[in-house]
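Just below is one structure, and these are the notes that go with it.
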Amino acid sequence: MKSASAKLLPVLFCLFLVARLQAADEPKLSPLPTPVSNNAVAISHDEGGPRIFSFMGIGPKKTWDAVISSAYEMDPNTGKWQEKRPVPGVAGRLAASALALHDQVFIFGGYVLDAQGGETTVSDLNVFVPVENRYYRGKDIPEPVADAVVGVYRDRYIFLIGGWSTSKGDAVRNVQIYDTDKDTWIQATPIPGTPVFGHAGAIIGDTIVYVDGAYKNRSGVGPKYVASSECWMGEIPHSRRGDITKIQWTKLPAHPGNARYRIAAGAGQLERKAGKIYFSGGTDTPYNYNGIGYNGQPAEPSPMTFAFDDYSGEWETVDESTPEPTMDHRGLLVTHRGLVIVGGMEKGQQVTAKVTVVEPVSRK
């Protein structure tokens, strides 16, 4: 008589084969129509199926006049991009943050460059309605920021965490919450650690996690900005009657790897596994928009991909040798295919049009 495990083998093989055939039937995700880095990205999950979006960013020249206002939308079922109406404004932006909610995409802040290389953060909140290919203006961000972390809570509130403000001449501690139902802003408990920009993170359940970034070097010795190694977790009151502005912050242990600046990050659930916040790429050399570090050295991307498991409260190494790593990101998209990374800078600070899919196999 065959054992139970032996009887299961043919069934498991068939399931594996079906999964492989389904994956093989899916089209390849095409590169962006043009190479772009530091672009704001988002994924929607409305009734028409998932859609991937890319807004603005900087092109291969990496100069002030290479910043674009272009917008693109991809249907993963075809793997093809469509150019959409450009983001409103007198100029394109860098370091904006985007997040899709229901049938809209919210695009927050960022900064514009002038011919002398000067930077100005903007207060713009542009809301894109894909089905109508139009934008409308949401209420301005109270503290204009760039390079901030963004996350959604209860399918209504969007948190804008930290970031750089040219009006302050520094990174800020602000946690700004946008109520999408009322088009209003409220302020939450500030981040407790070093104020940073270019950090990475997301919200999963009632938990905020952000890591690293850069901060102003106040020692007077060395580069103007240096990398942070701080990792923080914020617990949002989960009760429907709780005050969501009262965040309880806790310092986390260091994450795997040494990527510290503009890591691609995003939250979601892969297959039937528990939801996690995933991080990939980035660099340990904070840099300006051209990929050259504030220390004068070229920045290079880290091959580390890791995750935070909200259930266990632990870090996991996903892949310490991710193929063709990239940096200079404003988000990572968690899909049934894996972790989708759109554009960015490759080795040698080369701006890319590639759409990369990282397939995680986590190990603690």
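No value in this document is a laboratory result; all are computed from the given coordinates. No experiment lies behind these values; they were computed from the predicted model shown. Neighbour counts run over all protein chains shown; Cβ positions are idealised from the backbone, glycine included.
Based on C-alpha pairs under 8 angstrom that are at least 6 apart in sequence, the chain has a relative contact order of 13 percent. Note on segment 176-277: dipole from Cβ charges, positive end direction compared against Gly220, Gly266, Gln176; the farthest Cα belongs to Gly220. Here the dipole of the chain is about 300 debye; that uses its Cα centre as origin and unit charges on the Cβ of Lys and Arg (positive) and Asp and Glu (negative). Under the simplified labelling scheme, the Lys28-His45 pair shows an inter-label distance of 2.8 nm, with each label point 7 Å from Cα along Cα→Cβ. Taking the helices alone, the chain has a mean residue ellipticity at 222 nm of -2000 deg cm²/dmol, built from -39,500 (n - 2.57) per DSSP H run of at least 4 residues and averaged over all its residues. Ordering Gly110, Thr326, Phe55 by Cα displacement along the dipole of the chain toward the positive end leaves Thr326 in first place; charges were set at the Cβ atoms of Lys, Arg (+1) and Asp, Glu (-1).
I want to verify a result. In a Gaussian network model of the chain, Cα cutoff 10 Å, which of these has the top mean-square fluctuation: Lys182, Lys84, Lys251? Checking each option, the largest mean-square fluctuation is seen for Lys182.
With angles folded into 0 to 90 degrees, how steeply does helix 4-25 sit against the dominant principal axis of the chain? Use alpha carbons for both and round to 10. Long axis of 4-25 versus the principal axis of the chain: about 50 degrees.
For the chain, the residue among Gln82, Val131, Trp315 whose Cα projects farthest onto the positive side of the dipole built from Cβ charges is Trp315. Spin-label model, Gln297/Arg218: points 7 Å from Cα along the beta carbon direction are separated by 2.5 nm. Taking the fewest neighbouring Cβ atoms within 10 Å as the starting point, the ordered list for Met233, Met304, Met345 is Met233, Met304, Met345.
Subtracting the Cα-Cα distance of Gln187 and Trp249 from 0.36 nm times their residue separation leaves 20.8 nm of extension gain.
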